[in-house]
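To start, the structure itself, in structure tokens.
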Amino acid sequence: MNLTERQEKILEIIVRRYTVGAVPIGSKTLVKSYNLGVSSATVRNEMSILEKNGYLTQPHTSAGRLPTEKGYRYFVKTLMEEHELSANEQLMIRHQFHQARLEVDQWMKLSATVLAHTTQAASLITPPKFSQCRLKHLELISIHDTIMLIILVLKEGTVKQQILNLDTAYTQDKLRIISHQLTDLWKECDVQTINNTIPTLMGLSAKVAEMVIDTMERINARKSSDMYYDGLLHILEETGLTEGESLQQIVRVFEERCVLDQLVSRVLQQGGMQIIIGGEGEWHNLSHISIILSRYGIDNQAWGALGVMGPMRMPYGRAVSIVRFMSGLMSGLLLDLYGEEVQS
């Protein structure tokens, strides 16, 4: 069915008002609050047509209307306007990342927090999956006699620390020399390249190589479905969320993870932004919620997914804008790490 301009206007107003107040909207409210230029009877007739065609529903005969899954989907596809984050919001978010350490784990935690706070929804982000991690810097630090700390900084921003027990004591000056030698030897190298150098190494350097290779192999094996999330408290505190189905489904989706892993896998493969409203007839256990997901990263280098989840009445325009902004921000951070390779 092709909606008329008036029907689209009525649907848009009902979606926007219900998103804010979670209260069904009647024809008298529409006529009184908005200059529609028609009578209450005409508005009621248009609302009946929208209900008959599945865009609106009526909880009971004396109540107003509220949007259906189909109504939300039409709104998002045809009527939604994205709302750019204000300059102050963008500056504040960028400043938080500027203050964070240059570590992927820190970026993930901060991204989940920012997404949850700015959308007032549950957020999720998967760590970037790198084609192969590579070494950027190595530091060996003497802790006490025969106990040494290895600090491994990888190209993609991951920092790992490992304790190594030694057979003999090394001075910090000696460890510094070995650190510089191994960094020069392994800089920009992946696991296989470092492994090929082992036959040329002896003593402490060989032991360090084994630990570095083990750490990098574990990072390479990290699944894209590893996930950081935040904001479930925002859903619990949602004062307008009167029905329990949405909350239960959101908690269940995070706990069981099967559907969420499928959606993340799909957005990683297809790219762009995915807006799943009410399960789209494909996922029954998403029937009361909506999910907005976007891929971020650099093609053929590093990529992950981020997004938000909430009841179907979420403010889609703002949520989509925030997810798009955060996707661009995370892509930019990864581009800074891989900039030399991408530009070459």
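All of the numbers you see were taken from the coordinates with simple rules; none came from a lab. Nothing here was measured: the structure is a model prediction, and the numbers come from that model. Using ideal geometry, Cβ is built from the backbone for each residue, glycine included, and neighbour counts are taken over all protein chains shown.
From the phi angles alone, apply the Karplus equation (6.51, -1.76, 1.60; θ = phi - 60°) to segment 285-299 and give each ³J(HN,Hα) in whole Hz, x where the residue is Gly or Pro.
7, 10, 5, 10, 9, 10, 10, 10, 10, 9, 7, 10, x, 10, 4
Cα to Cα, under 23 Å, and not fewer than 8 places away if on the same chain: which lysines meet these conditions relative to residue 52?
Excluding near neighbours in sequence, the set is 9, 28, 70, 77.
Going through segment 251-344, which GluC sites (Glu not before Pro) have at most 12 other Cβ atoms within 10 Å and a DSSP loop state?
In loop regions of segment 251-344 (DSSP not H, G, I, E or B), the sparsely surrounded GluC sites (Glu not before Pro) are 282.
Amide H of residue 290: which non-local residues (sequence gap of 5 or more, or other chain) have their own amide H closer than 5 Å, using H built in the peptide plane?
Residues meeting the amide H criterion: 278, 310, 312.
Rounded to two decimals, what is Rg over Rh for segment 5-79 when you use alpha-carbon atoms and the Kirkwood radius?
Rg/Rh for segment 5-79 comes to 0.91.
Report relative contact order for the chain in percent, whole number only (criteria: Cα-Cα under 8 Å, sequence separation at least 6).
It rounds to 19 percent for the chain.
Tell me which residues come under 5 Å, amide H to amide H, from residue 155 once H is placed; ignore anything under 5 positions away on its chain.
Amide H neighbours of residue 155, under 5 Å, 5+ apart: 134, 135, 136.
Under a straight-distance cross-link criterion of Cα-Cα below 26 Å, which lysines are reachable from residue 174, leaving out those fewer than 8 residues away in the same chain?
The qualifying lysines are 136, 155, 160, 187, 207.
Report the label-to-label distance for residue 62 and residue 89 in nanometres (one decimal), using points 7 Å from each Cα along the Cα→Cβ vector.
3.9
Which value at 222 nm does the chain reach when only helices count, each DSSP H run of 4 or more adding -39,500 (n - 2.57), with the total divided by all residues and rounded to the nearest 500 deg cm²/dmol?
-16000 deg cm²/dmol
Calculate, for residue 255 and residue 52, the FRET efficiency according to 1/(1 + (r/R0)^6) with r their C-beta to C-beta distance and R0 45 Å; round to the nearest 0.05.
0.75
Between residue 183 and residue 284, what is 0.36 nm times their sequence separation minus the Cα-Cα distance? Round to one decimal in nm.
Separation in residues times 0.36 nm, less the Cα-Cα distance, equals 31.1 nm.
Calculate the tail of P(r) for the chain: the fraction of all Cα-Cα distances greater than 25 Å, expressed in %.
61
Would you look at the GNM of the chain, springs on alpha carbons closer than 10 Å, and say which of 19, 200, 119 moves the most?
200
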